[in-house]
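Novice: Take this structure, written in structure tokens, and hold onto it; I'll ask about it next.
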Amino acid sequence: MSVQGSLQIVCAKSFMEIKIRHLWIIILISCGARFTDGESVIVRETETARFRWQVPRGTSVTAMYVLNPNGTGVLLANTANRHLVLPSHFSGNLSAGLVSFDMNNVSRSDAGTYTCGNGGLSDIIPNCGQTLVVLGEPTKPVISLQSTPVVGRNVTMTCSSTSTTLPADHGLTFTYTWKIDGVNINSPGGASLTVLVESHDPQDITCHVTEDEGLGGDSDVLMITPDYPPYNASISSTSVQVKEADVVPQVTCVSTCRPACSYSWKQGSQTVVTGQVLSLGAAIRTMAGSYVCTATNTYGITQSPAVSLDVQYKPSAVLMANGQSNAAGVDERGSVVLSCAVDSNPFSSISIMNGTIRLNHVTEAATASFNWTGADCLDGGVYTCLARNIVGEMTASVTVNIKCRYLDETLKVSGLITKIFTHLLIYSTATYATWK
């Protein structure tokens, strides 16, 4: 540090000109020095600090010292305007009460308050002096998150930096500039930034700290990867077809979520599988229906489209005659109704047969029937139903018994003849025994 001065301040004309503050500042800056009347003098290291202050009115001064922050006198002048330089140059006009001097090549150790001493180093003139503030580079800003960023919610970030400017009580403030993905973000909170997280994608966050006179720095890039509820749940297949007893093909559910999702599968309101893969094992017909995957994490749930399970099985059939499933008696000339009910998937082709004669045939059906009136004795016998689909086939039968009136009469006559013959045989046997 070196101190120099003259009766005429470099770039300045007189004390009265300081009153034109804005113009005076422009002149000083153009001269490469910092100047503030009665306030702090703010410079960077190696720059020139320009001090200027008015001795308080009513103060009787015959000799005045300028004391550095350590209390050591560095400059001296008296009313005769004779100058002593301790240890460097000083200029002052005590008759006008104006003190002015320059300090070249400022270092951080020069920071502090420079005061006035009257007649002795211990005799300090109140309110006379200025503070030299030496700017330092703020520490590298660090961004911290106050909570986990979640899509659809606000998140608050804080930018922290420490001033290295001296003295510590300099009173300068930080200005904060935030950027998200390179775009400036207005932050009324200064060191804190609260934003709504709207994107599922990671974002680059930076903050820049600037101290009062323009010194500052950027933080490292903070990459925030937000959490979010599940969305876009999809399944590997929406339709599964399997034959009964075969293994059901597996279906996988995937959802976009952070943190990772847990999965479950439901048929209706019943949970049937816990996990990402719908695995049902060997198919049985009661498994048929719709299954929905639910993806869940801390922040919510979502459901996939439904998968339809079609379990195919061969027919089972029941053939009935006049409502009877095993055998039915029908009066001669009565009505006969044959009905075949088939349970199968897919539907079956159904034939009602009398021996090798096809009485009726339908396709892709669950029932078939055949009926007639005026049954005769020749209509009696065993009738069958043949049901067939792509899985297999099944037959069912029913016996139809016709009660024939002609046959009944014949039986009656035959019985009578038998009785007569029996009686004659008995009589003949008895007569022969007697004769003999």
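Novice: Out of (1) surrounded by fewer than 13 Cβ atoms within 10 Å (Cβ to Cβ); (2) on the phi > 0 side of the Ramachandran plot; (3) not basic (Lys, Arg), what's the single condition that is false for Asn322?
Specialist: (1)
Each row is one residue, and each column tells you yes or no for (1) out of contact with any helix residue (DSSP H, G or I) (no Cβ under 7 Å at 6 or more places or on another chain); (2) of a type outside the set (Gly, Ala, Ser); (3) surrounded by 15 or more Cβ atoms within 10 Å (Cβ to Cβ).
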residue	(1), (2), (3)
Val251	yes, yes, yes
Val254	yes, yes, yes
Cys257	yes, yes, yes
Gly268	yes, no, no
Gln276	yes, yes, yes
Arg285	yes, yes, no
Asp331	yes, yes, no
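Novice: Would you tally the residues in segment 373-383 being surrounded by 15 or more Cβ atoms within 10 Å (Cβ to Cβ) and assigned to a strand (DSSP E or B)? Show your work before the answer.
Specialist: To start, the set of residues in segment 373-383 that are surrounded by 15 or more Cβ atoms within 10 Å (Cβ to Cβ) comprises 375, 379-380, 383.
Of the ones still in play, those that are also assigned to a strand (DSSP E or B) are 383.
Summing the residues that are surrounded by 15 or more Cβ atoms within 10 Å (Cβ to Cβ) and assigned to a strand (DSSP E or B) in segment 373-383 gives 1.
Novice: Suppose we filter segment 156-180 for residues that are in a loop (DSSP other than H, G, I, E, B), open to solvent by 70 Å² or more (accessible area, probe 1.4 Å) and either touching a residue at least 60 places away in the same chain (Cβ under 8 Å) or not polar (S, T, N, Q) (or both); how many remain? Show your work before the answer.
Specialist: Pass one, segment 156-180, residues in a loop (DSSP other than H, G, I, E, B): 161-165, 167-173.
Of the ones still in play, those that are also open to solvent by 70 Å² or more (accessible area, probe 1.4 Å) are 162, 168-169, 173.
Checking the rest, the ones that are also either touching a residue at least 60 places away in the same chain (Cβ under 8 Å) or not polar (S, T, N, Q) (or both) come to 168-169.
Within segment 156-180, residues that are in a loop (DSSP other than H, G, I, E, B), open to solvent by 70 Å² or more (accessible area, probe 1.4 Å) and either touching a residue at least 60 places away in the same chain (Cβ under 8 Å) or not polar (S, T, N, Q) (or both) number 2.
Novice: A further question follows. Condition first: of a type outside the set (Gly, Ala, Ser), open to solvent by less than 20 Å² (accessible area, probe 1.4 Å) and touching a strand residue (DSSP E or B) at 6+ places or on another chain (Cβ under 7 Å). Can you find one or more residues in segment 362-372 that meet it? Break it down stepwise before answering.
Specialist: As a first pass, look at segment 362-372 and keep what is of a type outside the set (Gly, Ala, Ser): 362-364, 367, 370-372.
Filter again for open to solvent by less than 20 Å² (accessible area, probe 1.4 Å), leaving none.
No, because not a single residue in segment 362-372 is of a type outside the set (Gly, Ala, Ser), open to solvent by less than 20 Å² (accessible area, probe 1.4 Å) and touching a strand residue (DSSP E or B) at 6+ places or on another chain (Cβ under 7 Å).
Novice: Name every residue in segment 180-209 that is among the small types (Gly, Ala, Ser) and over 18 Å from the mean Cα position of the chain (by Cα), in order of residue number.
Specialist: Within segment 180-209, the subset among the small types (Gly, Ala, Ser) is 182, 187, 189-192, 199.
Within segment 180-209, Gly182, Ser187, Gly189, Gly190, Ala191, Ser192 meet the criteria.
Novice: Anything in segment 195-220 that is more than 30 Å from Ala168 (Cβ to Cβ) and either β-branched (Val, Ile, Thr) or touching a helix residue (DSSP H, G or I) at 6+ places or on another chain (Cβ under 9 Å) (or both)? List them, or say none.
Specialist: Of everything in segment 195-220, those that are more than 30 Å from Ala168 (Cβ to Cβ) and either β-branched (Val, Ile, Thr) or touching a helix residue (DSSP H, G or I) at 6+ places or on another chain (Cβ under 9 Å) (or both) turn out to be Val195, Val197.
Novice: Of the conditions (1) touching a residue at least 40 places away in the same chain (Cβ under 8 Å); (2) at negative phi; (3) in contact with a Pro (Cβ under 7 Å, 6 or more places away or on another chain); (4) open to solvent by 80 Å² or more (accessible area, probe 1.4 Å), Arg153 satisfies every one except a single condition; which number is it?
Specialist: (3)
Novice: Now a separate question. Kindly check whether there is at least one residue in segment 298-315 that is more than 18 Å from Val251 (Cβ to Cβ), among the polar types (S, T, N, Q) and under 16 Å from the mean Cα position of the chain (by Cα).
Specialist: So in segment 298-315, the residues more than 18 Å from Val251 (Cβ to Cβ) come out as 298-301, 313-315.
The next check asks that each one be among the polar types (S, T, N, Q); those that pass are 298.
Cutting the leftovers down to under 16 Å from the mean Cα position of the chain (by Cα) gives us 298.
There is at least one residue in segment 298-315 that is more than 18 Å from Val251 (Cβ to Cβ), among the polar types (S, T, N, Q) and under 16 Å from the mean Cα position of the chain (by Cα).
The values are calculated or read from the model by the stated rules, or taken from the named source; none is laboratory data. Everything numeric in this text was worked out from a predicted model, so none of it was measured. Here the Cβ is made from the backbone with ideal geometry for all residues, glycine too, and neighbour counts use every protein chain on show. All accessible areas refer to the heavy atoms of the entire protein, side chains included, with ligands and DNA or RNA removed. Shrake-Rupley method; radii C 1.70, N 1.55, O 1.52, S 1.80 Å.
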